[in-house]
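Asks: Dropping a structure here in structure tokens format, bear with me for questions.
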């Protein structure tokens, strides 16, 4: 799937602190859209869903979902997997694994996923690997029309 010759229409943004979480905490961060970031930094025994939701209804269509996050400490290897899915987790409509070399320490970076959403409740998720500390600013969603 490509964005070549596509048009993007902004739909909505969700601050990370306002979505659902199973791990982590909110901390002040003046470099975020809300002034707070959702942070996962303590070692964990395994993969944790540090962000999921919004379980909001979206019409059938193509969407660009952008996650904004930064590494906030040392670490190597896999940091997290980001994905989009139907509310409840299945099926997964797009997915990407993020490694430490893609995320500079102390600098927010945006990572996008193109998803064909079949309609109904949409969920976005960040599955954190539990070892490399990260902060999440927000998740932004655009509707994609045209293009390849």
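Asks: Quick one: check the C-alpha center-to-center distance for the range 82-148 versus the range 15-79, whole angstrom.
Replies: Taking the Cα centre of the range 15-79 as reference, the centre of the range 82-148 is 9 Å away.
Asks: Moving on to the next point. How would you rank 113-119, 138-144, highest first, on the average number of other Cβ atoms within 10 Å across their residues?
Replies: Ranked by mean Cβ neighbours within 10 Å, highest first: 138-144, 113-119.
Asks: Quick one: 71, 4, 62, fewest Cβ neighbours within 10 Å first, how do they rank?
Replies: 4, 62, 71
Asks: Quick one: give the max-minus-min coordinate of the C-alpha atoms of the range 60-120 along each principal axis, largest first, in Å.
Replies: Taking max minus min along each principal axis of the Cα atoms, the range 60-120 gives 39, 17, 14 Å.
Asks: Kindly list the residues of the range 30-67 that lie in the label zone of residue 121, defined by a backbone N under 17 Å from the point 7 Å along the Cα-to-C-beta vector.
Replies: Of the residues in the range 30-67, 51-60 have backbone N under 17 Å from the label point off residue 121.
Asks: P(r) tail for the chain, what percent of Cα pairs lie past 27 Å? The partial results should precede the final answer.
Replies: On the way: 2011 of 10878 pairs.
For the chain, the fraction of Cα-Cα distances above 27 Å is 18 percent.
Asks: If you average the sequence gap of Cα pairs under 8 Å that are 6 or more apart and divide by the length of the chain, what percent do you get for the contact order?
Replies: About 40 percent, as a whole number.
Asks: Arranged by the count of other C-beta atoms within 10 angstrom, fewest first, what order do 10, 111, 67, 58 take?
Replies: 10, 111, 58, 67
A short reminder: the numbers here are calculations on the coordinates, not readings from a lab. Source: prediction; values computed, not measured. Cβ atoms come from the backbone with ideal geometry, glycine included; neighbour counts cover every protein chain shown.
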